[in-house]
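What follows is one structure encoded as structure tokens, with my remarks underneath.
The values are calculated or read from the model by the stated rules, or taken from the named source; none is laboratory data. Small disclaimer: the values here were computed from a predicted structure and weren't measured. No Cβ is skipped: glycine too gets one built from the backbone with ideal geometry, and neighbour counts run over all protein chains shown.
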């Protein structure tokens, strides 16, 4: 722990692993938690990262590693936003400031990073299923092992959690599910389940009724039976215990998740009860850091900030270019002004998907379904059946969860649903769990889908309009961050379906680029004197442009920010094969591996999808040819 000040953190600095924590007296745990929270604030202030959720589960993390023999006992974190304190206690305190950086710690639990990270995660609501699987396998292998799933940050809004509870309650495995209720995911939690979890039995009215009922119960057995049955019905309306108990779980709580003595006492009790148990704790997201307590949305994940003031460091720009998320946010508000049938749907990503202004201006037409991607897509399908025109704003990586619904509920019925797919391609610091590497591959095979990839901000706006006007399913996929900075035309004009744009004419080589790769390929095309085509449509392809390029050039190159396997380049290969054209073609995209975390620019470089990487791949495949200097840039131009 060479980065930790031992004077400021006397107890924490003595803990290299949970085994050291378990050597302490229980009375010392409160101080450990205090020091852990201080070190978390200090480290995230220096490096940035997910913040609020970790602050809220400091005491829980300390209690769990104190009571369980980790890593032999399995602790499974849901989502991963909560896992920074876990990483600090589990041998990574000295490297915690490298989190999300290239070659640094992963932003979420990762099995190859530490034996204490029992299950890799980045999406939500997987913890109960994974921990149940571990418990079942351990029992069959006669392993004396305890398994714990910590679910929170809105993950209980997803159906998968209830599928796991339904199964787990029917088994006899030792499993503890800890429901860490903090009223937040990234945006505020929504839905009836959240409201139910917030209705507790501690109110004076319910307490008074219960006490009066007890006095009546002593009078005769018939009244006692009636009142007992009545109380269970009331509990079902105001407390979550009945739901979980009906599913087969022994329910404990709710308790204060920041009270270490109560946490330790209750978790110890749950640990020693055989079978499935559920502990309900109440915590505060951002606990112990006032700016995060007051604004948990802002401090869910932050860049480096001043720990004394909470002010996040920022780069000042005179005229900042809008990022693609902001382009979408402006478009959907403009479109909603024109068309009252437009409805917006998001699975708990109001801020991330750029829907804050839409929510404020059109609250009756805004639907946040919680972390329920499958439901979001079928909800859109139902709306479209009744003449509405829904727009599903979703990250590429989260759309993977709703693939069946996209096929069966939307495309098969040819319903006019527009998918605004954010974070397509490599996302950078959040790593491979959040990369949108596969959407072109898994959407391209769906009959009837229109798939567009904009090369710049204005093209993004016009494609969103094009997809919205299309009377069938359509998708616009755009990357994280900013585009090249072209002027955005306020007037919306539909683009003819399947029509590309030739950016420049060249000689022997033609580059067919999709979306974000057009900008990267521009200077490459100049250097190689190549034809550059902005394909714009992945489906339908511009058949005429592709066939003409194949007949007029000796070599073709396709470039996309998506998996090569099954991607846009594969579509061009299939088209050429169907026409019997034998062309020397190179497909450039994401290879058959996962690009780890770093900045987006670093990830593109690792994937060979920056300018230098694309150029190198083309030259390596087709040869260097004859080179000449390009006076205005100093670069060498390759003539193939």
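Some values worked out for this structure:
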| quantity | calculated |
| --- | --- |
| Count of residues meeting criterion [within 22 Å of residue 604 (Cα to Cα) and either surrounded by fewer than 18 Cβ atoms within 10 Å (Cβ to Cβ) or in the same structural domain as residue 416 (by TED's automatic domain parsing) (or both)] in the range 484-515 | 3 |
| Any hit, the range 379-391, residues being part of a loop (DSSP other than H, G, I, E, B), out of contact with any strand residue (DSSP E or B) (no Cβ under 8 Å at 6 or more places or on another chain) and within 24 Å of residue 426 (Cβ to Cβ) | no |
| Failed criterion for residue 319 (all others in (1) part of a helix (DSSP H, G or I); (2) at pLDDT below 85 hold) | (1) |
| Filtered residues of the range 262-283 (kept if in contact (Cβ under 8 Å) with a residue 40 or more places away in the chain, surrounded by fewer than 18 Cβ atoms within 10 Å (Cβ to Cβ) and assigned to a helix (DSSP H, G or I)) | 268, 271 |
| Residue match in the range 544-552 (condition: in a helix (DSSP H, G or I), crowded, with 17+ Cβ neighbours inside 10 Å and modelled with pLDDT under 95) | no |
| Residue that is surrounded by the fewest Cβ atoms within 10 Å (Cβ to Cβ) [pool: residues in the range 565-579 that are touching a strand residue (DSSP E or B) at 6+ places or on another chain (Cβ under 8 Å) and within 16 Å of residue 537 (Cα to Cα)] | 573 |
| Condition check for residue 365: over 25 Å from the mean Cα position of the chain (by Cα) and at pLDDT 90 or above | no |
| The range 86-113, subset within 22 Å of the chain's Cα centre (by Cα) and closer than 18 Å to residue 19 by Cβ, residue surrounded by the most Cβ atoms within 10 Å (Cβ to Cβ) | 87 |
| Residue, nearest to the chain's Cα centre (by Cα), within the range 429-483, restricted to residues that are part of a strand (DSSP E or B) and crowded, with 24+ Cβ neighbours inside 10 Å | 436 |
| Matching residues, the range 399-428, being in a loop (DSSP other than H, G, I, E, B) and in contact with a helix residue (DSSP H, G or I) (Cβ under 8 Å, 6 or more places away or on another chain) | 413, 415, 416, 417, 423, 424, 426, 427, 428 |
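To keep it simple, each residue is scored yes or no on (1) touching a residue at least 24 places away in the same chain (Cβ under 8 Å); (2) surrounded by fewer than 22 Cβ atoms within 10 Å (Cβ to Cβ); (3) part of a loop (DSSP other than H, G, I, E, B); (4) assigned by TED's automatic domain parsing to the domain that holds residue 182.
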| site | (1), (2), (3), (4) |
| --- | --- |
| 27 | no, yes, no, yes |
| 33 | yes, no, no, yes |
| 36 | yes, no, no, yes |
| 81 | yes, no, yes, yes |
